[in-house]
Amino acid sequence: MGKRLITQARGKGGPTYRAFSHKNAGEIKHRKYDDTEKNSVINGRVVDLLHCPGHNAPLAKVKYDNGEETLVSAPLGIRINDTVSSGAKAEMKIGNTLPLKNIPEGTDVYNVESQPGDGGKFARTSGGFATVVSQLGEKTIVRLPSKKQREFSSECRAIIGQISGGGRKDKPMLKAGKHYHAMRARNKLYPRTAGVAMNAVDHPFGSGRGRHVGKPKTPPRGAPPGRNVGLLHSRRTGRRR
């Protein structure tokens, strides 16, 4: 019989599993993808550095010469009133936004677009950066923070530098309450209760026989949502020998 699991409760929605996104400063993205971005350059000024509970790195509010404002992850070393540029003809400088085709090999970048004009999808966490590996005509090879190399369109944009806040994990939480509120702001459930620690009515792995699953962790094919837990579609199980 299926159980009412945490995953099902999250899907239903409710105040317990709702992020306080109305408290966030805004969405991180590059400025709009127009003719200026494709063929020219536009200058802007960092008017403020913000703390946002929904992001793990400081945000920089940039106001461009045409009055447009955007929020980007603050690069390491940026300050208020610094000048940044965006466009195909922008110079190679920390905080500037350029298409990948104009960025030399070996340069650290972040907030890399998946498709030209989508605002940025890759290398966005605190202290993170990607590296331009090689230029192959209309494609650019980029090494992501996971060390995986991926092809991008050379028209995709990225910001020069590394995201600030790289030492975030060096400081311990010290209190469970601090960890709870940090997870709460990002719609993460904390603390997480293990399935083997639950009662049998609450989880397929729960029982009164101690912390022991008592059955294969791979769920049956076609299992209902309340039973579809454990090693889902696992390629292999057991100990590597």
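The values are calculated or read from the model by the stated rules, or taken from the named source; none is laboratory data. Keep in mind it's a predicted model, so treat the numbers as computed, not measured. Every residue, glycine as well, gets a Cβ built from its backbone with ideal geometry; the counts of neighbours run over all protein chains shown.
Over 25 Å from Lys147 (Cβ atoms), surrounded by 13 or more Cβ atoms within 10 Å (Cβ to Cβ) and at pLDDT 95 or above, is that true of Asn96? Judged against the criteria, Asn96 is a match. The residue pairs whose first member lies in region 6-29 and is at negative phi, whose second member is surrounded by 14 or more Cβ atoms within 10 Å (Cβ to Cβ) and of a type in the set (Asp, Glu), and whose beta carbons are closer than 7 Å, counting only pairs six or more residues apart or on different chains, do not exist in this structure. Within region 95-117, the residues that satisfy the criterion of being of a type outside the set (A, V, I, L, M), assigned to a loop (DSSP other than H, G, I, E, B) and either touching a His at 6+ places or on another chain (Cβ under 8 Å) or in contact (Cβ under 8 Å) with a residue 40 or more places away in the chain (or both) are Gly95, Asn96, Thr107, Asn111, Glu113, Ser114, Gln115, Pro116, Gly117.
Conditions (1) over 30 Å from Asn199 (Cα atoms); (2) in a loop (DSSP other than H, G, I, E, B); (3) in contact with a strand residue (DSSP E or B) (Cβ under 8 Å, 6 or more places away or on another chain), marked per residue:
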| position | (1), (2), (3) |
| --- | --- |
| Arg4 | no, yes, no |
| Arg45 | yes, no, yes |
| Thr70 | yes, no, yes |
| Ala88 | yes, yes, yes |
| Lys93 | yes, yes, yes |
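Every condition in (1) exposed (fewer than 13 other Cβ atoms within 10 Å of the Cβ); (2) out of contact with any Ser or Thr (no Cβ under 8 Å at 6 or more places or on another chain) is met by Met183 except one, and the failing one is (1). When Ala197, Ala176, Ala158 are screened for being in contact (Cβ under 8 Å) with a residue 60 or more places away in the chain and either touching a Lys or Arg at 6+ places or on another chain (Cβ under 7 Å) or not assigned by TED's automatic domain parsing to the domain that holds Ala9 (or both), only Ala158 passes.
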